[in-house]
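A quick write-up on the structure given underneath.
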Amino acid sequence: MFDHLDPTLLARIQFAFTVSFHILFPAFTIGLASWLAVVEWRWLKTGNPLYREIYRMWVKIFAVTFGMGVVSGVVLSYQFGTNWSVFSDRTGNILGPLLGYEVLTAFFLEASFLGVMLFGWQRVSPRMHFAATIIVAVGTLISAFWILSANSWMQTPQGFRIGADGLFYPTNWIDIIFNPSFPHRFAHMTIAAYLTTAFVVGGVGAFYLFRKQFVRHARIMFGMAMLMAVFVAPTQLLVGDMHGLNTLEHQPVKVSAMEGLWDTQRGAPLVLFGWPDEATEETRYAIELPKMSSLILTHSLDGEVKGLKDWPREEHPPVLWVFWSFRIMVGIGVLMIFTGLFAAVLHLKKRLFDTGWFQIWCMALTPSGFIAVLAGWFVTEIGRQPYIVSGVMRTAEAVSPVGGIQVGLSLLAFVAVYLLVFGAGVYYIIGLIRKGPDVDTSEKDDGRKQGRPALVGRLASE
Amino acid sequence: MFNLDTFIDLPLVWYGLIATAIFLYVLLDGFDLGIGILFPFAPSDKCRDRMMGSVAPFWDGNETWLVLGGGGLFAAFPLAYAILMPAFYMPVIVMLLGLILRGVSFEFRFKAHGPSRRLWDYTFHFGSLAATFAQGTILGGFVQGVSVQGRAFSGEPLAWLSAFSLMTGLALVFGYALLGAAWLIMKTEDITQDWARRCAVYLIGFVAFFMALVSIGMPIMNPQIRALWFSLPNFFYLQIMPLSCVVLFVLLWRDLHRNHENRPFFLVQGVFLMNYIGLGVSMWPWLVPFEVTFRQAAAAPESQSLLIVGTVILLPVILGYTAYCYYIFRGKSSHDIHY
Ligand code: HDD
Ligand code: HEM
Ligand code: HEM
């Protein structure tokens, strides 16, 4: 059944599926770990039990998400070999040490102290527990540092030479690790994770406020989330803009695809919406703002912007995907900025916590961060095609000598298992959200446990 | 560029490090996979709660050694990584899927009630079983050798599959189950502990049987290994491994009948260590048996140098805080583990 399918295409679909699944969890755990650290710090500082109850509620959600992040990440670290063995062989000298450092500096840290964070309440002092939370939060950031460095090197490679044997050899590690797109990508992705978390926490807070449940907890969650929206969402626009300018410098064809521009021109318009058509090499039904693209990309009204036709066709990435993914991401970014604006205005009118329509708006935006993160990665990764290492190595050369049947069957197996796992994960997380914080932590949550001793019942329920 | 090649034998050091990482993985994840294997046979749900509670704080850290094994192989011996992963494509995927299912079972089981709890009991069990069996078949396939052309795997998709590799798969299932049982003897009390002890007694026989089978099978299958083990004076040196296994087994047997609580776990680890060393001696110096040696597969010295610095500094730190975490959760697993 998969025999006549292209193994490269199947491998790409499989990798895209597993990595997209994986990133959903880091996008949330990176932000949540930092936020939990802040919450615990507030608790230690103020002694206000609300913070503790919020922590205990969200740490359960954190555990579920983290677990799914770990298992889907282990898959990825082996998939470089199973699906992209030629790539692994050729770039191993460069990417190997970066991923190795990720394991040594981040994964062990996160994994070991996660245990303390989840199960250590009765066994370590509150300060040690707080330290464990911070360590996990820092671990997630270190992990993002290394993996994004590796990925950015694939986007903007430097500091290497290619030997006579076709392998990549490092010539300067600083150049490799701090390659040109890395600082932008690291900043942009970290902020993306924080925003994703803020909108989930804010959405849940809005849900409680709307239902008039757990109102005191909800005000804290909602307030902290809106603070993020006010300050961090606009920052993301700035960082994203700088990221784009960096891409223009190093991967201009990607930017042309993002903009949907085919002809090189001065005073290029900004295509708001349209349908890029690769067959006819034009963007149909375009709604444009005149000269704006030039303004954004060159900071002058009639700067020159390159069109896709400047490159031969086989160098074009799949334009339609890049174009639309970019609009989805930026669109969500704009919605997030508006959320911050509304929140600021409502706050000034002293109505932040009791405006029904705004609560519904925030509930609707709960999954927005995840969608934007995926869309952003689609821009980045699909925009890099047909290369796996930008300008140096093509994706088609990278694939393992593994038959279509094996890749296809394993893809089906991944889809089946991931759907089960994801479905169950979402189900339990929603359950935890509906249950809300345990307001009276001592004897309460035992109702349904058929007469087991309290402690067993609690173990069973958590 | 930064290069330590002139000071130390980098490929050799890396070979040792990766071997250590994989061994630590086997020891650490071995016992928690073993608990998954034993899971449905436990006498009661309460026992299962305790069993899971005894590993819940550790499983993630344990599994990270697998990531280090794979990631380290990629970093230090990319060629071997690039050949072995496609060669063992199917068992690797099965292992990964198994690890996913069992990993999420920890979180989901804590939250589930009623029949859905059963579901996660079984995903935990079958996930552990599948991951272990797949690891065992990879081991068997590895020992049998891998065909290579140029810089790539050139065998059939099912080249790893043979009676021998299926047997090693089964052997590892019993081995991990024994590790898991020994862990439970140490970390639990009362009914669970009694039951674990009975399991261990029962499993020892199987483990000894399979070890004998593998030890006989390997020299028969492979003339090189035969030559290594049955030439003088090697023969006498190498007897250390089988002999110490016999001693360890005898001690283990006695401990199990005398209510020792902690020692069995370390004795089983000793058995694993002896087997692992035996295997290492037989496979030396191949990283892709019998085609690519660890020297041929080595990454550029600059790459190995960069990572060795971090490893030398960080590995002791990692071992330190890993030990600290085990220390925090010392003592018997009880029901007050929750979050
Ligand atoms: C921006 C952040 C980011 C990105 C782009 C990726 N990851 Fe990830 N990864 C994390 C951020 C992260 C994390 C926050 O550190 C995780 C998420 C949940 C967790 O447990 O740690 C994690 C877990 C995680 C694990 C499990 C670690 C453990 O055992 O504890 C592995 C092996 C990987 N990842 C590997 C990868 C690979 C090979 C990627 C690329 C193809 C990748 N990750 C993309
Ligand atoms: C975590 C967020 C990420 C997402 C959502 C993502 C998404 C994708 C997608 C959609 C593709 C397929 C592109 C195509 O073939 O058209 C892809 C390919 C790929 N990505 Fe990523 N990616 C992510 C991060 C990374 C990172 C951090 C790395 C490496 C360090 C990486 C390495 C690769 C490789 C090796 C391929 C396969 C070859 C290719 O198609 O170019 N990705 N990714
Ligand atoms: C608000 C306006 C935004 C702009 C102008 C912007 C700009 C960009 C650009 C130009 C890229 C492509 C980088 C490349 O060349 O590879 C990108 C990627 C990405 N964006 Fe955005 N972005 C915005 C909002 C957001 C938001 C709100 C999120 C998520 C919450 C987000 C998440 C991402 C992610 C995860 C990537 C891929 C990783 C990377 O390359 O950094 N972006 N963004």
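The values are calculated or read from the model by the stated rules, or taken from the named source; none is laboratory data. Quick caveat: nothing in here was measured; it's all calculated off a predicted structure. Reconstructed Cβ throughout: ideal geometry from the backbone, glycine too, with neighbour counts over all protein chains shown.
Every residue in the stretch A:396-428 that is more than 9 Å from chain B (Cβ to nearest Cβ) and touching a residue at least 60 places away in the same chain (Cβ under 8 Å), please. The answer is A:Ala396, A:Glu397, A:Ala398, A:Val399, A:Gly404, A:Gly408, A:Leu411, A:Val415, A:Phe422. One residue stands out among those in the stretch A:126-163 that are within 16 Å of ligand 3 (Cβ to nearest atom) and among the aliphatic types (A, V, I, L, M): the one that is farthest from the chain's Cα centre (by Cα), which is A:Met154.
Considering every residue within the stretch A:335-358, establish whether at least one is acidic (Asp, Glu) and in a helix (DSSP H, G or I). No, every residue in the stretch A:335-358 fails to be acidic (Asp, Glu) and in a helix (DSSP H, G or I). Would you mind telling me which numbered condition in (1) closer than 24 Å to A:Ser34 by Cα; (2) surrounded by fewer than 23 Cβ atoms within 10 Å (Cβ to Cβ); (3) more than 16 Å from ligand 2 (Cβ to nearest atom) A:Ala164 fails? Here A:Ala164 clears every test but (1). Among the candidates B:Leu17, B:Leu66, B:Leu27, the residue that is within 9 Å of chain A (Cβ to nearest Cβ) and modelled with pLDDT of 90 or more is uniquely B:Leu66. Taking the numbered list (1) under 19 Å from the mean Cα position of the chain (by Cα); (2) surrounded by 24 or more Cβ atoms within 10 Å (Cβ to Cβ); (3) closer than 30 Å to A:Leu167 by Cα; (4) at the interface with chain A (Cβ under 8 Å from one of its Cβ atoms) in turn, B:Met90 passes all entries but (2).
Every condition in (1) away from ligand 2 (no atom under 12 Å from the Cβ); (2) crowded, with 24+ Cβ neighbours inside 10 Å holds for A:Arg56 except the one numbered (2). For the list (1) modelled with pLDDT of 90 or more; (2) touching a Leu at 6+ places or on another chain (Cβ under 9 Å); (3) closer than 16 Å to B:Gly36 by Cβ, I need the number of the one condition that B:Val92 fails. For B:Val92, the failing item is (3). The numbered conditions (1) facing chain A (nearest Cβ under 8 Å); (2) at pLDDT below 90 are all true for B:Ile8 except (1). The residues of the stretch B:107-137 that are hydrophobic (A, V, I, L, M, F, W, C), closer than 16 Å to A:Gly423 by Cα and surrounded by 21 or more Cβ atoms within 10 Å (Cβ to Cβ), listed by number, are B:Phe108, B:Ala112, B:Trp120.
When the residues of the stretch A:97-123 are filtered to those that are more than 7 Å from chain B (Cβ to nearest Cβ) and more than 19 Å from A:Trp58 (Cβ to Cβ), the one that is surrounded by the fewest Cβ atoms within 10 Å (Cβ to Cβ) is A:Ala106. Modelled with pLDDT of 85 or more, over 30 Å from A:Ile433 (Cβ atoms) and outside any helix (DSSP H, G or I) - does that describe any residue in the stretch A:238-257? Within the stretch A:238-257, one or more residues are modelled with pLDDT of 85 or more, over 30 Å from A:Ile433 (Cβ atoms) and outside any helix (DSSP H, G or I). The combined condition, being within 14 Å of chain A (Cβ to nearest Cβ) and farther than 30 Å from B:Met52 by Cβ, is not fulfilled by B:Gly145. Each residue in the stretch A:73-85 was checked for being more than 7 Å from every other protein chain (Cβ to nearest Cβ) and either of a type in the set (A, V, I, L, M) or more than 7 Å from ligand 1 (Cβ to nearest atom) (or both), and 4 pass.
Candidates A:Ala229, A:Ala206, A:Ala192: the one that is surrounded by 19 or more Cβ atoms within 10 Å (Cβ to Cβ), more than 18 Å from A:Gly436 (Cβ to Cβ) and more than 16 Å from ligand 1 (Cβ to nearest atom) is A:Ala229.
A quick yes/no check of all residues on (1) surrounded by fewer than 22 Cβ atoms within 10 Å (Cβ to Cβ); (2) among the hydroxyl-bearing types (Ser, Thr, Tyr); (3) within 16 Å of ligand 2 (Cβ to nearest atom):
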site	(1), (2), (3)
A:Gly340	yes, no, no
A:Trp361	yes, no, no
A:Ala372	no, no, yes
A:Phe378	yes, no, yes
A:Gly383	no, no, yes
A:Thr395	yes, yes, yes
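Checked against the criterion of being part of a helix (DSSP H, G or I), within 14 Å of ligand 2 (Cβ to nearest atom) and buried (at least 24 other Cβ atoms within 10 Å of the Cβ), the candidates A:Phe80, A:Phe145 yield just one match: A:Phe80.
The sole residue among B:Ala159, B:Ala152, B:Ala212 that is closer than 30 Å to B:Leu84 by Cα, surrounded by fewer than 19 Cβ atoms within 10 Å (Cβ to Cβ) and free of Cβ contacts under 8 Å to residues at least 40 places away in the same chain is B:Ala212. Can you confirm whether the stretch A:122-130 contains a residue that is more than 12 Å from ligand 1 (Cβ to nearest atom), within 25 Å of A:Leu24 (Cα to Cα) and not in a helix (DSSP H, G or I)? For the stretch A:122-130, residues more than 12 Å from ligand 1 (Cβ to nearest atom), within 25 Å of A:Leu24 (Cα to Cα) and not in a helix (DSSP H, G or I): absent. Scanning the stretch B:93-111 for residues that are at the interface with chain A (Cβ under 7 Å from one of its Cβ atoms) and of a type in the set (Gly, Ala, Ser) gives a single hit, B:Gly103.
Condition check ((1) over 30 Å from A:Val124 (Cα atoms); (2) more than 10 Å from chain A (Cβ to nearest Cβ)) across all residues:
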| position | (1), (2) |
| --- | --- |
| B:His257 | yes, yes |
| B:His260 | no, yes |
| B:Pro264 | no, yes |
| B:Tyr276 | yes, yes |
| B:Ala299 | yes, no |
| B:Glu302 | yes, no |
| B:Thr311 | no, no |
| B:Lys332 | no, yes |
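What is the residue count in the stretch B:197-209 for residues that are under 20 Å from the mean Cα position of the chain (by Cα) and surrounded by 14 or more Cβ atoms within 10 Å (Cβ to Cβ)? The qualifying residues number 7.
Within the stretch A:189-222, the residues that satisfy the criterion of being over 12 Å from A:Leu365 (Cα atoms) and modelled with pLDDT of 95 or more are A:Met189, A:Thr190, A:Ile191, A:Ala192, A:Ala193, A:Tyr194. If only residues of the stretch A:409-424 that are within 17 Å of A:Asn83 (Cβ to Cβ) and within 16 Å of ligand 2 (Cβ to nearest atom) are counted, the one that is surrounded by the most Cβ atoms within 10 Å (Cβ to Cβ) is A:Ser410.
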